[in-house]
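Notes follow once the structure below has been shown.
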Amino acid sequence: MSGDTTNVLIVDDEPPARSRLRQLLTEIPGFSVTAEASHGEEALQIASEMRPDIMLLDIRMPGLDGLQVASHMATWAHRPAIIFTTAYDEYAIQAFEAQAIGYVLKPVRRERDIVVVVDAGRVRGTRREAGR
(Lines give C-alpha, C1' and ligand atoms only; values in the text may rest on other atoms or scores of the structure.)
Protein backbone atom coordinates (compact mmCIF):
# COMPACT_ATOMS: atom_id res chain seq x y z
CA MET A 1 0.00 0.00 0.00
CA SER A 2 1.27 3.43 -0.87
CA GLY A 3 2.35 5.68 1.98
CA ASP A 4 0.55 8.82 0.74
CA THR A 5 -2.62 7.13 -0.46
CA THR A 6 -5.39 5.98 1.84
CA ASN A 7 -6.64 2.68 0.48
CA VAL A 8 -10.33 1.89 0.84
CA LEU A 9 -12.27 -1.38 0.59
CA ILE A 10 -15.96 -0.90 -0.22
CA VAL A 11 -18.27 -3.67 1.03
CA ASP A 12 -21.94 -3.62 0.04
CA ASP A 13 -24.26 -6.20 -1.48
CA GLU A 14 -25.90 -3.58 -3.70
CA PRO A 15 -23.90 -2.63 -6.83
CA PRO A 16 -25.45 0.89 -7.06
CA ALA A 17 -24.34 1.63 -3.47
CA ARG A 18 -20.79 0.47 -4.24
CA SER A 19 -20.77 2.57 -7.39
CA ARG A 20 -21.93 5.69 -5.52
CA LEU A 21 -19.26 5.28 -2.83
CA ARG A 22 -16.56 4.68 -5.45
CA GLN A 23 -17.67 7.82 -7.31
CA LEU A 24 -17.53 9.95 -4.16
CA LEU A 25 -14.08 8.65 -3.24
CA THR A 26 -12.64 9.50 -6.66
CA GLU A 27 -13.40 13.14 -5.84
CA ILE A 28 -11.14 13.13 -2.77
CA PRO A 29 -7.42 13.52 -3.39
CA GLY A 30 -5.29 10.92 -1.63
CA PHE A 31 -7.94 8.17 -1.52
CA SER A 32 -7.97 5.07 -3.67
CA VAL A 33 -10.55 2.29 -3.86
CA THR A 34 -8.38 -0.80 -3.49
CA ALA A 35 -11.19 -3.30 -4.00
CA GLU A 36 -14.88 -3.96 -3.63
CA ALA A 37 -16.71 -6.86 -2.02
CA SER A 38 -20.37 -7.85 -2.30
CA HIS A 39 -20.63 -9.90 0.91
CA GLY A 40 -18.95 -10.43 4.27
CA GLU A 41 -16.93 -13.53 3.47
CA GLU A 42 -15.44 -11.85 0.43
CA ALA A 43 -14.69 -8.74 2.50
CA LEU A 44 -12.71 -10.75 5.05
CA GLN A 45 -10.71 -12.48 2.33
CA ILE A 46 -9.89 -9.25 0.48
CA ALA A 47 -9.09 -7.35 3.68
CA SER A 48 -6.68 -10.04 4.87
CA GLU A 49 -4.88 -10.05 1.51
CA MET A 50 -4.90 -6.34 0.62
CA ARG A 51 -4.81 -4.75 4.08
CA PRO A 52 -6.86 -1.63 3.28
CA ASP A 53 -6.61 1.42 5.52
CA ILE A 54 -10.37 1.99 5.61
CA MET A 55 -13.33 -0.32 5.09
CA LEU A 56 -16.69 1.17 4.13
CA LEU A 57 -18.92 -1.61 5.39
CA ASP A 58 -22.64 -2.17 4.91
CA ILE A 59 -24.43 -3.71 7.88
CA ARG A 60 -27.20 -5.76 6.29
CA MET A 61 -25.85 -8.26 3.77
CA PRO A 62 -26.52 -11.91 3.00
CA GLY A 63 -24.25 -14.35 4.83
CA LEU A 64 -21.99 -12.56 7.29
CA ASP A 65 -23.38 -9.11 8.00
CA GLY A 66 -21.19 -6.08 8.60
CA LEU A 67 -21.25 -6.41 12.38
CA GLN A 68 -20.09 -10.02 12.10
CA VAL A 69 -17.31 -8.98 9.73
CA ALA A 70 -16.13 -6.37 12.23
CA SER A 71 -16.25 -8.96 14.99
CA HIS A 72 -14.11 -11.39 12.97
CA MET A 73 -11.52 -8.67 12.43
CA ALA A 74 -11.36 -7.58 16.08
CA THR A 75 -8.15 -9.51 16.74
CA TRP A 76 -6.35 -8.70 13.51
CA ALA A 77 -3.00 -6.96 13.88
CA HIS A 78 -3.74 -4.74 10.86
CA ARG A 79 -7.42 -3.97 11.15
CA PRO A 80 -8.79 -1.33 8.80
CA ALA A 81 -10.61 1.65 10.21
CA ILE A 82 -14.28 0.70 9.81
CA ILE A 83 -16.98 3.09 8.72
CA PHE A 84 -20.40 1.52 8.53
CA THR A 85 -22.52 2.71 5.61
CA THR A 86 -26.11 1.63 6.05
CA ALA A 87 -29.72 2.63 5.55
CA TYR A 88 -30.54 1.59 9.12
CA ASP A 89 -29.99 3.89 12.08
CA GLU A 90 -30.85 1.28 14.71
CA TYR A 91 -27.43 -0.40 14.56
CA ALA A 92 -25.35 2.63 15.55
CA ILE A 93 -24.67 1.54 19.13
CA GLN A 94 -23.66 -1.96 18.02
CA ALA A 95 -21.44 -0.44 15.33
CA PHE A 96 -19.50 1.68 17.79
CA GLU A 97 -19.27 -1.25 20.20
CA ALA A 98 -17.59 -3.06 17.27
CA GLN A 99 -15.03 -0.21 17.28
CA ALA A 100 -16.29 1.56 14.17
CA ILE A 101 -14.89 5.04 13.72
CA GLY A 102 -17.87 6.21 11.71
CA TYR A 103 -21.51 5.49 10.92
CA VAL A 104 -22.91 6.96 7.72
CA LEU A 105 -26.56 6.68 6.76
CA LYS A 106 -27.51 6.03 3.15
CA PRO A 107 -28.05 7.65 0.84
CA VAL A 108 -24.52 8.95 1.23
CA ARG A 109 -24.44 12.69 0.66
CA ARG A 110 -21.13 14.24 -0.10
CA GLU A 111 -21.71 17.40 1.87
CA ARG A 112 -21.87 15.72 5.26
CA ASP A 113 -20.51 12.20 4.80
CA ILE A 114 -17.26 12.47 2.92
CA VAL A 115 -15.82 14.34 5.90
CA VAL A 116 -16.10 11.08 7.87
CA VAL A 117 -13.96 9.28 5.29
CA VAL A 118 -11.35 12.04 5.20
CA ASP A 119 -11.14 12.05 8.99
CA ALA A 120 -10.80 8.26 8.99
CA GLY A 121 -7.87 8.60 6.63
CA ARG A 122 -6.22 10.95 9.08
CA VAL A 123 -6.85 8.50 11.93
CA ARG A 124 -5.40 5.64 9.87
CA GLY A 125 -2.37 7.76 8.94
CA THR A 126 -1.74 8.47 12.62
CA ARG A 127 -1.93 4.75 13.41
CA ARG A 128 0.46 3.96 10.57
CA GLU A 129 2.98 6.51 11.86
CA ALA A 130 2.69 5.04 15.36
CA GLY A 131 3.62 1.62 13.96
CA ARG A 132 0.27 -0.04 14.56
> Ala47 is checked against (1) more than 15 Å from Ile10 (Cα to Cα); (2) surrounded by 12 or more Cβ atoms within 10 Å (Cβ to Cβ); (3) modelled with pLDDT of 90 or more and fails just one. What number does that condition carry?
Replying inline: (1)
> Among Ala120, Ala95, which is out of contact with any Pro (no Cβ under 6 Å at 6 or more places or on another chain) and modelled with pLDDT under 90?
Replying inline: Ala120
>> Consider the range 46-63. How many of its residues are within 12 Å of Asn7 (Cβ to Cβ) and touching a His at 6+ places or on another chain (Cβ under 6 Å)?
In response: 1
> Which pairs have Cβ atoms under 8 Å, sit 6 or more apart or on different chains, and link a residue in the range 21-46 that is closer than 19 Å to Val104 by Cβ to one that is assigned to a helix (DSSP H, G or I) and acidic (Asp, Glu)?
Replying inline: Leu24/Asp113
>> If I go through the range 64-95 residue by residue, how many of them are open to solvent by less than 60 Å² (accessible area, probe 1.4 Å) and over 26 Å from Asp4 (Cα atoms)?
In response: 9
> Does Ala35 fit the bill of being of a type in the set (A, V, I, L, M, F, W, C), under 21 Å from His72 (Cβ atoms) and part of a helix (DSSP H, G or I)?
Replying inline: no
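The values are calculated or read from the model by the stated rules, or taken from the named source; none is laboratory data. Since we're looking at a predicted model, the values are computed, not measured. No Cβ is skipped: glycine too gets one built from the backbone with ideal geometry, and neighbour counts run over all protein chains shown. Just so you know, the surface numbers come from the protein's heavy atoms only, side chains and all, with ligands and any DNA or RNA stripped out. Shrake-Rupley method; radii C 1.70, N 1.55, O 1.52, S 1.80 Å.
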